[in-house]
(Lines give C-alpha, C1' and ligand atoms only; values in the text may rest on other atoms or scores of the structure.)
Protein backbone atom coordinates (compact mmCIF):
# COMPACT_ATOMS: atom_id res chain seq x y z
CA UNK A 1 0.00 0.00 0.00
CA UNK A 2 1.10 3.55 -0.69
CA UNK A 3 0.79 5.99 2.18
CA UNK A 4 0.81 9.77 2.01
CA UNK A 5 1.17 12.85 4.15
CA UNK A 6 -1.52 15.33 3.13
CA UNK A 7 -0.98 18.99 4.08
CA UNK A 8 -4.52 20.26 4.63
CA UNK A 9 -5.30 24.00 4.58
CA UNK A 10 -8.06 24.91 7.04
CA UNK A 11 -10.15 28.09 7.38
CA UNK A 12 -8.48 31.18 8.85
CA UNK A 13 -11.80 32.31 10.32
CA UNK A 14 -14.96 31.42 8.44
CA UNK A 15 -15.58 27.68 8.82
CA UNK A 16 -17.38 27.71 5.48
CA UNK A 17 -14.03 28.10 3.73
CA UNK A 18 -13.05 24.44 4.23
CA UNK A 19 -12.90 22.96 0.73
CA UNK A 20 -14.88 19.83 -0.20
CA UNK A 21 -11.65 17.98 -0.95
CA UNK A 22 -10.15 18.93 2.42
CA UNK A 23 -13.36 17.76 4.10
CA UNK A 24 -13.03 14.42 2.33
CA UNK A 25 -9.40 13.97 3.39
CA UNK A 26 -10.18 14.80 7.03
CA UNK A 27 -13.07 12.33 6.98
CA UNK A 28 -11.05 9.45 5.52
CA UNK A 29 -7.52 9.96 6.93
CA UNK A 30 -6.13 7.26 9.18
CA UNK A 31 -4.65 9.91 11.46
CA UNK A 32 -4.90 13.69 11.80
CA UNK A 33 -1.97 15.55 13.33
CA UNK A 34 -3.01 18.98 14.52
CA UNK A 35 -1.58 22.01 16.27
CA UNK A 36 -4.35 21.87 18.91
CA UNK A 37 -6.64 18.84 19.07
CA UNK A 38 -9.38 20.89 20.76
CA UNK A 39 -9.41 23.44 17.95
CA UNK A 40 -9.43 20.78 15.23
CA UNK A 41 -12.21 18.85 17.00
CA UNK A 42 -14.41 21.97 16.70
CA UNK A 43 -13.67 22.15 12.96
CA UNK A 44 -14.50 18.45 12.50
CA UNK A 45 -17.70 18.76 14.51
CA UNK A 46 -18.85 21.74 12.41
CA UNK A 47 -18.43 19.57 9.31
CA UNK A 48 -20.02 16.41 10.79
CA UNK A 49 -16.69 14.57 10.66
CA UNK A 50 -16.05 12.09 13.48
CA UNK A 51 -12.72 12.47 15.23
CA UNK A 52 -12.64 9.17 17.03
CA UNK A 53 -9.13 8.28 18.12
CA UNK A 54 -7.55 9.80 15.01
CA UNK A 55 -6.43 13.15 16.46
CA UNK A 56 -2.84 13.63 17.64
CA UNK A 57 -1.12 16.82 18.78
CA UNK A 58 1.78 18.13 16.71
CA UNK A 59 2.89 21.60 17.75
CA UNK A 60 6.03 23.71 17.99
CA UNK A 61 7.16 22.02 21.21
CA UNK A 62 6.94 18.39 20.06
CA UNK A 63 7.24 18.56 16.27
CA UNK A 64 10.86 17.36 16.15
CA UNK A 65 10.09 14.31 18.29
CA UNK A 66 6.93 13.46 16.31
CA UNK A 67 8.64 13.23 12.91
CA UNK A 68 9.50 9.56 13.38
CA UNK A 69 5.95 8.63 14.35
CA UNK A 70 4.42 10.36 11.33
CA UNK A 71 7.07 8.87 9.05
CA UNK A 72 6.32 5.36 10.33
CA UNK A 73 2.61 5.77 9.67
CA UNK A 74 3.18 6.86 6.06
CA UNK A 75 5.63 4.00 5.54
CA UNK A 76 2.91 1.57 6.73
CA UNK A 77 0.64 2.87 4.00
CA UNK A 78 -1.53 5.20 6.09
CA UNK A 79 -2.98 8.48 4.92
CA UNK A 80 -1.93 11.13 7.44
CA UNK A 81 -3.54 14.56 7.41
CA UNK A 82 -1.55 17.50 8.79
CA UNK A 83 -3.41 20.63 9.90
CA UNK A 84 -2.66 23.78 11.89
CA UNK A 85 -5.18 25.85 13.84
CA UNK A 86 -5.80 28.04 10.81
CA UNK A 87 -4.43 28.35 7.30
CA UNK A 88 -1.71 26.25 5.71
CA UNK A 89 0.65 24.22 7.93
CA UNK A 90 4.30 25.23 7.79
CA UNK A 91 3.65 28.91 7.03
CA UNK A 92 4.60 30.43 10.41
CA UNK A 93 2.86 27.38 11.89
CA UNK A 94 4.13 23.91 12.86
CA UNK A 95 4.59 21.32 10.12
CA UNK A 96 7.69 22.22 8.10
CA UNK A 97 9.94 19.67 9.86
CA UNK A 98 7.50 16.79 9.38
CA UNK A 99 6.91 17.69 5.75
CA UNK A 100 10.68 17.79 5.12
CA UNK A 101 11.24 14.46 6.88
CA UNK A 102 8.58 12.61 4.91
CA UNK A 103 9.75 14.15 1.65
CA UNK A 104 13.40 13.33 2.39
CA UNK A 105 12.43 9.69 2.93
CA UNK A 106 11.10 9.56 -0.62
CA UNK A 107 7.49 9.17 0.52
CA UNK A 108 4.45 10.95 -0.84
CA UNK A 109 3.66 14.46 0.36
CA UNK A 110 0.65 16.15 -1.21
CA UNK A 111 -1.73 18.96 -0.34
CA UNK A 112 -5.32 20.12 -0.37
CA UNK A 113 -4.67 23.84 -0.93
CA UNK A 114 -6.88 26.50 0.53
CA UNK A 115 -6.82 29.32 3.04
CA UNK A 116 -3.60 31.19 3.78
CA UNK A 117 -3.58 34.43 5.77
CA UNK A 118 -0.61 35.66 3.72
CA UNK A 119 -2.25 35.33 0.32
CA UNK A 120 -5.69 36.36 1.57
CA UNK A 121 -4.33 39.56 3.13
CA UNK A 122 -2.29 40.38 0.03
CA UNK A 123 -5.34 39.90 -2.17
CA UNK A 124 -7.23 42.72 -0.43
CA UNK A 125 -4.27 44.98 0.32
CA UNK A 126 -4.15 46.94 -2.92
CA UNK A 127 -0.35 46.72 -2.84
CA UNK A 128 1.72 45.01 -5.57
CA UNK A 129 1.41 41.21 -5.40
CA UNK A 130 3.62 40.09 -8.28
CA UNK A 131 6.64 39.89 -5.95
CA UNK A 132 6.41 39.68 -2.18
CA UNK A 133 8.33 38.34 0.80
CA UNK A 134 6.84 36.72 3.90
CA UNK A 135 8.85 37.66 7.01
CA UNK A 136 6.89 35.83 9.73
CA UNK A 137 6.53 37.74 12.99
CA UNK A 138 8.36 41.06 13.44
CA UNK A 139 11.39 40.50 15.73
CA UNK A 140 11.02 41.23 19.45
CA UNK A 141 14.65 42.12 20.20
CA UNK A 142 15.86 45.63 19.38
CA UNK A 143 19.03 44.42 17.64
CA UNK A 144 17.05 42.00 15.47
CA UNK A 145 14.51 44.72 14.70
CA UNK A 146 17.25 47.11 13.56
CA UNK A 147 18.80 44.45 11.37
CA UNK A 148 15.45 43.67 9.76
CA UNK A 149 14.63 47.35 9.17
CA UNK A 150 18.03 47.92 7.59
CA UNK A 151 17.36 45.04 5.21
CA UNK A 152 13.91 46.40 4.36
CA UNK A 153 15.33 49.82 3.54
CA UNK A 154 16.14 48.48 0.06
CA UNK A 155 13.71 45.56 -0.18
CA UNK A 156 11.73 46.28 -3.34
CA UNK A 157 9.19 43.48 -2.87
CA UNK A 158 5.97 43.91 -0.89
CA UNK A 159 6.62 42.79 2.71
CA UNK A 160 4.19 40.71 4.79
CA UNK A 161 4.50 40.21 8.56
CA UNK A 162 2.32 38.73 11.27
CA UNK A 163 1.79 40.54 14.55
CA UNK A 164 -0.03 40.04 17.83
CA UNK A 165 -2.63 42.54 19.11
CA UNK A 166 -0.45 43.36 22.12
CA UNK A 167 2.53 44.34 19.96
CA UNK A 168 0.83 45.95 16.96
CA UNK A 169 1.17 49.55 18.16
CA UNK A 170 4.87 49.18 19.04
CA UNK A 171 5.64 47.49 15.72
CA UNK A 172 3.82 50.16 13.69
CA UNK A 173 5.75 52.84 15.58
CA UNK A 174 9.06 51.18 14.67
CA UNK A 175 8.01 50.84 11.03
CA UNK A 176 6.81 54.46 10.91
CA UNK A 177 10.09 55.74 12.33
CA UNK A 178 12.03 53.85 9.66
CA UNK A 179 9.69 54.37 6.68
CA UNK A 180 7.13 57.08 7.54
CA UNK A 181 5.87 57.63 4.00
CA UNK A 182 5.64 54.04 2.80
CA UNK A 183 2.14 52.72 2.22
CA UNK A 184 0.92 49.98 4.52
CA UNK A 185 -2.14 47.90 5.30
CA UNK A 186 -3.31 46.33 8.56
CA UNK A 187 -5.66 43.39 7.99
CA UNK A 188 -7.54 42.25 11.08
CA UNK A 189 -9.85 39.26 11.62
CA UNK A 190 -9.91 38.38 7.92
CA UNK A 191 -13.05 36.38 6.88
CA UNK A 192 -14.56 36.83 10.36
CA UNK A 193 -17.50 38.91 11.56
CA UNK A 194 -15.35 41.88 12.63
CA UNK A 195 -13.08 41.91 9.58
CA UNK A 196 -11.21 45.20 9.23
CA UNK A 197 -8.82 46.49 6.55
CA UNK A 198 -7.04 49.77 7.29
CA UNK A 199 -4.85 51.43 4.66
CA UNK A 200 -2.55 54.45 4.79
CA UNK A 201 1.03 55.53 5.22
CA UNK A 202 2.90 53.80 8.03
CA UNK A 203 2.79 57.07 9.98
CA UNK A 204 -0.99 57.18 9.61
CA UNK A 205 -1.35 53.54 10.63
CA UNK A 206 0.84 54.07 13.70
CA UNK A 207 -1.39 56.97 14.74
CA UNK A 208 -4.56 55.01 13.99
CA UNK A 209 -3.56 52.10 16.23
CA UNK A 210 -1.76 54.16 18.90
CA UNK A 211 -4.26 53.26 21.63
CA UNK A 212 -3.29 49.61 21.45
CA UNK A 213 -6.80 48.27 22.20
CA UNK A 214 -6.78 45.84 19.27
CA UNK A 215 -8.09 42.28 19.24
CA UNK A 216 -7.93 39.40 16.81
CA UNK A 217 -5.59 37.93 14.22
CA UNK A 218 -3.43 40.47 12.38
CA UNK A 219 -1.42 40.72 9.18
CA UNK A 220 0.64 43.83 8.41
CA UNK A 221 1.69 44.57 4.83
CA UNK A 222 4.03 47.33 3.69
CA UNK A 223 5.09 48.32 0.24
CA UNK A 224 8.63 47.72 -0.86
CA UNK A 225 11.27 50.37 -1.44
CA UNK A 226 11.29 52.17 -4.76
CA UNK A 227 13.90 50.83 -7.16
CA UNK A 228 17.06 52.90 -6.92
CA UNK A 229 20.70 52.89 -7.95
CA UNK A 230 23.71 52.34 -5.71
CA UNK A 231 23.53 54.17 -2.38
CA UNK A 232 25.47 57.43 -2.27
CA UNK A 233 27.95 58.26 0.51
CA UNK A 234 25.45 60.46 2.36
CA UNK A 235 22.95 57.58 2.56
CA UNK A 236 25.66 55.16 3.68
CA UNK A 237 26.89 57.57 6.35
CA UNK A 238 23.38 58.06 7.72
CA UNK A 239 22.93 54.30 8.01
CA UNK A 240 26.36 53.93 9.60
CA UNK A 241 25.56 56.71 12.07
CA UNK A 242 22.41 54.88 13.13
CA UNK A 243 24.30 51.62 13.62
CA UNK A 244 27.14 53.24 15.57
CA UNK A 245 24.69 55.15 17.76
CA UNK A 246 23.09 51.84 18.68
CA UNK A 247 26.42 50.53 19.96
CA UNK A 248 27.62 48.46 17.01
CA UNK A 249 31.35 48.14 16.50
CA UNK A 250 32.87 49.85 13.48
CA UNK A 251 33.31 46.57 11.62
CA UNK A 252 29.86 45.23 12.52
CA UNK A 253 28.23 48.51 11.47
CA UNK A 254 30.11 48.46 8.16
CA UNK A 255 29.20 44.83 7.45
CA UNK A 256 25.54 45.38 8.25
CA UNK A 257 25.20 48.54 6.17
CA UNK A 258 27.18 47.16 3.22
CA UNK A 259 24.97 44.07 3.15
CA UNK A 260 21.74 46.03 3.46
CA UNK A 261 22.60 48.68 0.87
CA UNK A 262 24.49 46.48 -1.56
CA UNK A 263 27.60 48.64 -1.30
CA UNK A 264 31.30 47.75 -1.33
CA UNK A 265 32.31 46.49 2.11
CA UNK A 266 35.75 48.07 1.78
CA UNK A 267 34.32 51.49 0.90
CA UNK A 268 31.70 51.32 3.65
CA UNK A 269 34.35 50.34 6.20
CA UNK A 270 36.49 53.32 5.19
CA UNK A 271 33.49 55.62 5.65
CA UNK A 272 32.77 53.99 9.02
CA UNK A 273 36.33 54.62 10.21
CA UNK A 274 36.06 58.25 9.19
CA UNK A 275 32.71 58.60 10.91
CA UNK A 276 34.06 56.98 14.07
CA UNK A 277 36.97 59.46 14.11
CA UNK A 278 34.58 62.38 13.70
CA UNK A 279 32.45 61.11 16.61
CA UNK A 280 35.51 60.96 18.87
CA UNK A 281 36.59 64.52 18.07
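The values are calculated or read from the model by the stated rules, or taken from the named source; none is laboratory data. Being a predicted model, the structure only gives us computed values, none of them experimental. Ideal geometry is used to build each Cβ from the backbone, glycine not excepted, and the neighbour counts take in all protein chains shown.
For the reader, a short list of remarks on this structure follows.
- Entry remark, segment 198-207: residues being exposed (fewer than 15 other Cβ atoms within 10 Å of the Cβ) and closer than 19 Å to residue 162 by Cβ number 1 in total.
- Within segment 217-248, tally of residues that are over 18 Å from residue 264 (Cα atoms) and surrounded by fewer than 16 Cβ atoms within 10 Å (Cβ to Cβ): 6
- Hits in segment 181-207 (condition: in a helix (DSSP H, G or I) and out of contact with any strand residue (DSSP E or B) (no Cβ under 6 Å at 6 or more places or on another chain)): 203, 204, 206, 207
- Within segment 260-281, the set of residues being assigned to a helix (DSSP H, G or I) and touching a residue at least 40 places away in the same chain (Cβ under 8 Å) comprises 260, 261.
- Hits in segment 167-180 (condition: in a helix (DSSP H, G or I) and more than 17 Å from the chain's Cα centre (by Cα)): 169, 170, 173, 174, 176, 177, 178
- Among the residues of segment 60-82, those identified as under 26 Å from residue 162 (Cβ atoms) and over 17 Å from the mean Cα position of the chain (by Cα) are 61, 62, 63, 64, 65, 66, 67, 70, 81, 82.
- Of all the numbered requirements in (1) touching a residue at least 60 places away in the same chain (Cβ under 8 Å); (2) more than 27 Å from the chain's Cα centre (by Cα); (3) surrounded by fewer than 19 Cβ atoms within 10 Å (Cβ to Cβ); (4) part of a helix (DSSP H, G or I), residue 21 misses one, and that requirement is (2).
- Residue within segment 146-166 that is closer than 24 Å to residue 60 by Cα, without any contact (Cβ under 8 Å) to a residue 40 or more places away in the chain and not in a helix (DSSP H, G or I) present: no
- Filtering 5, 43, 26 for residues that are part of a strand (DSSP E or B) and either at pLDDT 95 or above or closer than 19 Å to residue 112 by Cα (or both) leaves a single hit, 5.
- On the stretch given as segment 97-125, residues that are under 19 Å from the mean Cα position of the chain (by Cα) and in contact (Cβ under 8 Å) with a residue 12 or more places away in the chain total 14.
- The set of residues from segment 46-77 being outside any helix (DSSP H, G or I), in contact (Cβ under 8 Å) with a residue 40 or more places away in the chain and surrounded by 17 or more Cβ atoms within 10 Å (Cβ to Cβ) comprises just one member, 58.
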